[in-house]
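Colleague: First, the structure itself, so that you have it in front of you.
The values are calculated or read from the model by the stated rules, or taken from the named source; none is laboratory data. Remember, it's a predicted structure, so these values are computed and weren't measured experimentally. Note: ideal-geometry Cβ built from the backbone for every residue, glycine included; neighbour counts use all protein chains shown.
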Amino acid sequence: MTTDIKQKAVKSKIQRLVSILKTIILYGLMFIVIYTAVNWWRQPVMPANPQLQLTDYQGQAVDLAALSHEQPTLVYFWGTWCSVCSFTSPTIDQLAADGYPVITIAIQSGSNQDLQSYLTEKNFSFKTINDQEGEIFDDWQGQVTPSYVVLENGEMSQGLTSIQPLWSLKLRLWLASVF
């Protein structure tokens, strides 16, 4: 009789664990769906006639269309004032250091000298365009920072927002080059 009680207790624990596991999976799937929908809604939108020939904060010409014809290029919209960007910018710097084509656009981050000081202080070496008035970001209908765009052959192939791990960005650039 005690064996029967023990079996029922074990069965009850298993049922409880399965129930908890189902709940975790359900909430996880709901999170993924909601996160994906919000990310899609907030992503930048490529303008009809985008300005792809820009000048970085040091006065060097940057041709996003030409870069993206060579290989998919990541455009990273960020700001020195953005607290989330303080977590994502080191990842972007690493991506650029690893040889991936990355152009960053600093939104309303002060003068070129202010931006230079910030980049030097943080030891960032990625190529940066200073969007002092936020006009470029507005043109792309940007809503949040950080935001990212993958350009391929002068066209936007992907847009995303929020924190992105290095492996995810590398995967996105690789997928853009394959498909």
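Colleague: How do the pairs read when you match residues in the range 152-166 that are in contact (Cβ under 8 Å) with a residue 60 or more places away in the chain with residues anywhere that are β-branched (Val, Ile, Thr), using Cβ under 6 Å and keeping only pairs 6 or more apart or on different chains?
Modeller: Listed pairs, sorted by first residue: MET156/VAL149; SER157/VAL150; GLY159/VAL149; THR161/VAL144; ILE163/THR88; LEU166/THR91.
Colleague: Right, something else. Looking at (1) surrounded by 13 or more Cβ atoms within 10 Å (Cβ to Cβ); (2) more than 19 Å from GLY159 (Cα to Cα), which is the one condition that is false for PRO50?
Modeller: If we test PRO50 against (1) surrounded by 13 or more Cβ atoms within 10 Å (Cβ to Cβ); (2) more than 19 Å from GLY159 (Cα to Cα), just (2) comes out false.
Colleague: Still on this model: Just to be sure, is ILE32 over 22 Å from GLN116 (Cα atoms), at pLDDT 95 or above and of a type in the set (Val, Ile, Thr)?
Modeller: No.
Colleague: Taking the range 108-152, which residues are part of a helix (DSSP H, G or I) and either surrounded by fewer than 15 Cβ atoms within 10 Å (Cβ to Cβ) or at pLDDT below 95 (or both)? Walk me through it before giving the result.
Modeller: Taking the range 108-152 first, the residues part of a helix (DSSP H, G or I) are 112-122, 135-139.
GLN113, SER117, THR120, GLU121, LYS122, GLU135, ASP138 - these are the residues of the range 108-152 that are part of a helix (DSSP H, G or I) and either surrounded by fewer than 15 Cβ atoms within 10 Å (Cβ to Cβ) or at pLDDT below 95 (or both).
Colleague: A further question follows. Would you check which residues across the range 105-143 are of a type in the set (Val, Ile, Thr) and closer than 21 Å to THR73 by Cβ and list them?
Modeller: Matches in the range 105-143: ILE105, ILE107, THR128, ILE129, ILE136.
Colleague: I want to confirm something. Restricting to the range 55-87 and keeping residues that are assigned to a strand (DSSP E or B) and surrounded by fewer than 19 Cβ atoms within 10 Å (Cβ to Cβ), which single residue is farthest from the chain's Cα centre (by Cα)?
Modeller: Top of the filtered list is ALA61.
Residue-wise test of (1) within 17 Å of GLY159 (Cα to Cα); (2) aliphatic (A, V, I, L, M); (3) modelled with pLDDT of 90 or more; (4) outside the structural domain of HIS69 (by TED's automatic domain parsing).
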site: LYS6; (1), (2), (3), (4): no, no, no, yes
site: LYS11; (1), (2), (3), (4): no, no, no, yes
site: ILE14; (1), (2), (3), (4): no, yes, yes, yes
site: LYS22; (1), (2), (3), (4): no, no, yes, yes
site: GLY28; (1), (2), (3), (4): no, no, yes, yes
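Colleague: Considering the range 58-90 alone, what residues qualify as being of a type in the set (Phe, Trp, Tyr) and either outside the structural domain of GLN158 (by TED's automatic domain parsing) or within 15 Å of LYS127 (Cα to Cα) (or both)?
Modeller: Of everything in the range 58-90, those that are of a type in the set (Phe, Trp, Tyr) and either outside the structural domain of GLN158 (by TED's automatic domain parsing) or within 15 Å of LYS127 (Cα to Cα) (or both) turn out to be TYR76, PHE77, TRP78.
Colleague: Test TYR27 against the criterion of being under 23 Å from LEU173 (Cβ atoms) and among the hydroxyl-bearing types (Ser, Thr, Tyr), and give yes or no.
Modeller: no
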